[in-house]
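**Q** Structure in structure tokens, see below.
The values are calculated or read from the model by the stated rules, or taken from the named source; none is laboratory data. All of these numbers come straight from a predicted model, not from anything done at the bench. We place every Cβ from the backbone using ideal geometry, glycine too, and count neighbours over all the protein chains shown.
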Amino acid sequence: MIRFLLVAALALGLSACAVTLPPHPEARPFTAAPTATAAVDAALARAAVSNKRALLIFGYDACHDSRGLAGWFATPRFAAMLQSRYEIVWIDVGTDRTLNADLAARFGVAPIVGTPTAVIAEPDGTVLNAADAPGWRNAASRSEEEIYGYFERWGG
């Protein structure tokens, strides 16, 4: 009886591991991000010249949802659409979400309540999706189509 319970517990444990695999690609772009203020200013300037919008992603590499969204963005399908519509900046907020707090305040999303926070802005810095920007903290559980559709719509 004890052997049966041990085998059942092991099987249950192994099946739980299979369920925890992410249903999306993952990437870790935040800790390698350049100085955020300079990168944001440069992205806004490039957006003005190229008739694009700026996409500012506030997150950190230890965040499952930040890595999930970044992973989708790195796929060829997303990269082609995003590159034609946005200048993207990855902004590291650190584990306590206070790193680059000045930028979060500048774009009206301070304090960062969840990561990732995805700000879509015009080249002059006007935020277009202020109500939705903090809502991406569940990005890893969203479908590929939902994520793609959202950024395609806002991309102009």
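**Q** Evaluate segment 93-101: report whether one residue or more is modelled with pLDDT of 90 or more and within 19 Å of ASN129 (Cα to Cα).
**A** Yes, that holds for at least one residue.
**Q** Being at negative phi and under 14 Å from the mean Cα position of the chain (by Cα), is that true of even one residue in segment 99-108?
**A** No, segment 99-108 has no match at all.
**Q** Give the number of residues within segment 101-141 that are basic (Lys, Arg) and under 18 Å from LEU82 (Cα atoms).
**A** 0
**Q** Okay, next question. Mind checking which pairs have a first residue in segment 35-47 that is over 16 Å from VAL119 (Cα atoms) and a second that is surrounded by fewer than 18 Cβ atoms within 10 Å (Cβ to Cβ), Cβ under 8 Å, 6 or more apart or different chains?
**A** From residues that are over 16 Å from VAL119 (Cα atoms), there are no pairs.
**Q** Going residue by residue through segment 40-48, is there one that turns out to be on the phi < 0 side of the Ramachandran plot and either modelled with pLDDT under 95 or among the polar types (S, T, N, Q) (or both)?
**A** Scanning segment 40-48 turns up no residue that is on the phi < 0 side of the Ramachandran plot and either modelled with pLDDT under 95 or among the polar types (S, T, N, Q) (or both).
**Q** Ok, one more. Please work out if ILE112 is under 16 Å from the mean Cα position of the chain (by Cα), in a loop (DSSP other than H, G, I, E, B) and at pLDDT 95 or above.
**A** yes
**Q** With the requirement that a residue be more than 20 Å from ALA38 (Cβ to Cβ), β-branched (Val, Ile, Thr) and either touching a residue at least 60 places away in the same chain (Cβ under 8 Å) or surrounded by fewer than 20 Cβ atoms within 10 Å (Cβ to Cβ) (or both), what does segment 97-119 give you?
**A** Selection gives VAL113 alone.
**Q** Checking the structure you have, find out if any residue of segment 70-92 is loosely packed, with under 15 Cβ neighbours inside 10 Å and over 19 Å from GLY155 (Cβ atoms).
**A** no
**Q** Restricting attention to segment 86-96, which residues are of a type in the set (D, E, K, R) and touching a residue at least 12 places away in the same chain (Cβ under 8 Å)?
**A** Result: GLU87, ASP92.
**Q** Quickly run through segment 123-147 and pick out the residues that are assigned to a loop (DSSP other than H, G, I, E, B) and either touching a strand residue (DSSP E or B) at 6+ places or on another chain (Cβ under 6 Å) or of a type in the set (A, V, I, L, M) (or both).
**A** Correct list: LEU128, ASN129, ALA130, ALA131.
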